[in-house]
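Colleague: Here's a structure for you.
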Amino acid sequence: MSGTESGAMTTTPLPGNQHNSSHYDPFDLSGLLMYDDIAWVGIGIAIGSNALISVSFNVQKYAHNQNELLGDQRLPYYQLPIWMVGTLLNAIGEIGNLVSYGYAEATVITPIGAVGVVCSALLATFVLGEKFTMVHALGMTLIVAGVSLILYAKGNETVIQPTVEEALRDYFLTPQSIVYMIIILIGTAILLSIATKYGQKYAIVYTFLCSLIASWTVIGCKAFMSFIRLTVEDGNNQFNSFPSGLFPIFTLLLIVFCAVWSLHFLQQAMRYHDNNKVIPTYYATFTLMCIIGAAVVYREFEGASSSAIGLFTLGVFLAGLVVYR
């Protein structure tokens, strides 16, 4: 399906994908049907990928549990065969997530990670034997309700598809993006300095540190998948010019580096805390950071009506309440 046929793709530098506030009715239930076929591809891939990622986290948690039973003879987690199986599953799921960012907005794809929270809660309970309470059940219900509101509120969005030059000029090198990136770097440095002291006691330390680092992957994925789609689907090669062609390569390296680095801190969180605490906390902090990043760098809320923003915020709030169970 071409960009003209689907209405989902544009190479204009500004996000032509926002709600028309003069016609947007927040109570028109056709909102969920306003996603085009391309966006539903991204949503479907994200759902499957996050379910697979939840499986990978629980496989890794099982490896940590078995390793801790060895006491002083325990091995570094990356030497455990079972942990490596979980890592492979995680890599497949994350590749799927990367692809999904090329077909739908980051503010839609990221909250769909709630699917992984639900799957993880079930696996942690029935496979790892962790405690499941009525509060967990309520949390899962809130997640489903929150994600449904998010999908509805963002229902008539299209996907930006900037070239390398447009991405640099209109997104990455704007004053607000530069300030945002500096703040993320400072926050990361602060958490790194306290992680060893407080990470074993508070799950939020390692999970928030992981989320700050992983948020770079989402910002990078959205741009990188745009470059891939322009090159493969439209024949507009984004890799063959110098020096601009180096930026997609740099973006890919940044994605890989941040994904691996953030995974280390998530493993630390899973080592010291139950998955029924770690995964929801990670989901909430990661979603928050990615939404802020997409709003600042890609201006995904620019031009949106107040009612759409309100419904979206309510959806994120409901899905995030699970952290405080």
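Colleague: Hey, any hits in region 225-233 for a residue that's in contact with a Leu (Cβ under 8 Å, 6 or more places away or on another chain) and under 25 Å from Ser100 (Cβ atoms)?
Modeller: Yes, region 225-233 has at least one match.
Colleague: Give me the pairs, please: first residue somewhere in region 260-289 and in contact (Cβ under 8 Å) with a residue 24 or more places away in the chain and open to solvent by 30 Å² or more (accessible area, probe 1.4 Å), second residue anywhere and of a type in the set (D, E, K, R) and part of a helix (DSSP H, G or I), beta-carbon distance under 7 Å, and either six or more positions apart or on two chains.
Modeller: Taking only residues 6 or more apart or on different chains, not a single pair turns up.
Colleague: Check Ala104 against each of (1) more than 23 Å from Gly220 (Cβ to Cβ); (2) in a loop (DSSP other than H, G, I, E, B); (3) small (Gly, Ala, Ser) and name the one condition it does not meet.
Modeller: (1)
Colleague: Right, another one. Taking Asp234, is it among the acidic types (Asp, Glu), part of a loop (DSSP other than H, G, I, E, B) and over 17 Å from the mean Cα position of the chain (by Cα)? So that I can check it myself, show each step before the final result.
Modeller: Numbers: among the acidic types (Asp, Glu): yes; part of a loop (DSSP other than H, G, I, E, B): yes; over 17 Å from the mean Cα position of the chain (by Cα): yes.
Against the criterion (among the acidic types (Asp, Glu), part of a loop (DSSP other than H, G, I, E, B) and over 17 Å from the mean Cα position of the chain (by Cα)), Asp234 qualifies.
Colleague: Answer yes or no: is there a residue in region 61-73 that is in contact with a Ser or Thr (Cβ under 8 Å, 6 or more places away or on another chain), surrounded by 16 or more Cβ atoms within 10 Å (Cβ to Cβ), touching a residue at least 60 places away in the same chain (Cβ under 8 Å) and not aromatic (Phe, Trp, Tyr).
Modeller: Within region 61-73, the subset in contact with a Ser or Thr (Cβ under 8 Å, 6 or more places away or on another chain) is none.
Looking through region 61-73, none of the residues is in contact with a Ser or Thr (Cβ under 8 Å, 6 or more places away or on another chain), surrounded by 16 or more Cβ atoms within 10 Å (Cβ to Cβ), touching a residue at least 60 places away in the same chain (Cβ under 8 Å) and not aromatic (Phe, Trp, Tyr).
Colleague: So which residues in region 90-129 are within 30 Å of Leu230 (Cβ to Cβ) and aromatic (Phe, Trp, Tyr)?
Modeller: Once the filter is applied, which keeps residues that are within 30 Å of Leu230 (Cβ to Cβ) and aromatic (Phe, Trp, Tyr), region 90-129 yields Tyr101, Tyr103.
Colleague: While we're here: Given the condition open to solvent by 40 Å² or more (accessible area, probe 1.4 Å) and polar (S, T, N, Q), answer yes or no: does some residue in region 238-255 qualify?
Modeller: Yes; the residues of region 238-255 include at least one that is open to solvent by 40 Å² or more (accessible area, probe 1.4 Å) and polar (S, T, N, Q).
Colleague: Within region 172-203, work out how many residues are part of a loop (DSSP other than H, G, I, E, B) and open to solvent by less than 90 Å² (accessible area, probe 1.4 Å). Before the answer, list the steps.
Modeller: The initial filter retains those residues of region 172-203 that are part of a loop (DSSP other than H, G, I, E, B), namely 173-174, 199-202.
Cutting the leftovers down to open to solvent by less than 90 Å² (accessible area, probe 1.4 Å) gives us 174, 199.
The number of residues fulfilling the criteria is 2.
Colleague: Only residues that are in contact (Cβ under 8 Å) with a residue 12 or more places away in the chain and open to solvent by 10 Å² or more (accessible area, probe 1.4 Å): list them for region 223-232, please.
Modeller: Across region 223-232, the qualifying residues are Phe224, Met225, Ile228.
Colleague: Oh, and also: Go through the residues of region 266-275 one by one and say whether even a single one is in a loop (DSSP other than H, G, I, E, B), more than 30 Å from Phe132 (Cα to Cα) and not small (Gly, Ala, Ser).
Modeller: Taking region 266-275 first, the residues in a loop (DSSP other than H, G, I, E, B) are 273-274.
Those left that are additionally more than 30 Å from Phe132 (Cα to Cα): none.
No, region 266-275 has no match at all.
Colleague: Right, something else. When region 75-112 is examined, which residues are found to be more than 25 Å from Thr313 (Cα to Cα), surrounded by 15 or more Cβ atoms within 10 Å (Cβ to Cβ) and at pLDDT below 85?
Modeller: Listed by number, the list holds a single entry, Tyr77.
The values are calculated or read from the model by the stated rules, or taken from the named source; none is laboratory data. The model shown is predicted, which means the values in this text are computed figures rather than measured ones. Cβ atoms come from the backbone with ideal geometry, glycine included; neighbour counts cover every protein chain shown. Ligands, DNA and RNA are stripped out before the accessible areas are found, and what is left, the full protein with its side chains, is counted by its heavy atoms. Shrake-Rupley method; radii C 1.70, N 1.55, O 1.52, S 1.80 Å.
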